[in-house]
1. Using only alpha carbon positions, build the gyration tensor of the stretch 34-163, then give the equivalent ellipsoid semi-axes as the square roots of 5 times its eigenvalues, largest first, whole angstrom.
2. Percent relative contact order of the stretch 16-165, based on C-alpha pairs within less than 8 angstrom and at least six residues apart?
3. So how much slack lies between residue 43 and residue 79, counting 0.36 nm per residue of separation and subtracting their Cα-Cα distance, in nm?
4. By count of other Cβ within 10 Å, fewest leading, how are 45, 70 ordered?
């Protein structure tokens, strides 16, 4: 099972939340400030996801299709990327990942290639068109994250810092 890419927002969130102690029955219930911190963090993430989906739509993709291109590109440098890898990284079922890959292949953004050692398996690879579209979207996302990253980081730090006590 693959984990988040090193340095990715996912990896940072997973790490930060892993340092949060497990709730125990002896601790008091959450207070108003805890709920406010949770809501603030959730809002920051949802705002970014809303932006991401809108940016993808402007180039004719769904948010999930953009995420699939990103997954294939990010993993392709280290190993073959299978449908199972795509499903795992997007937290979707295998058959949903098959349909997603089919739609990206139909748009000439991705290709499937049989694995020579095992003809039953296929690997996913971006086409030049897919790489171009992804590069454009990733640059837009990076600029947005540079602007809102401190806000997300602050919300996460407030959330995890408050729970370390």
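1. Numbers: eigenvalues 201, 58, 32 Å².
Result for the stretch 34-163: semi-axes of 32, 17, 13 Å.
2. Values: 123 pairs, mean separation 47.0, N = 150.
Computed value for the stretch 16-165: 31 percent relative contact order.
3. Working: separation 36, 0.36 × 36 = 12.96 nm, distance 3.45 nm.
Result for the pair: 9.5 nm of gain on full extension.
4. Details: 45 15, 70 20.
So the residues, fewest neighbours to most, are 45, 70.
Each reported figure results from applying straightforward, stated rules to the coordinates on display, with no laboratory input. Remember, predicted model here, so these are calculated numbers, not experimental data. Positions of Cβ are generated from backbone atoms using ideal geometry, with glycine treated the same way; all protein chains shown enter the neighbour counts.
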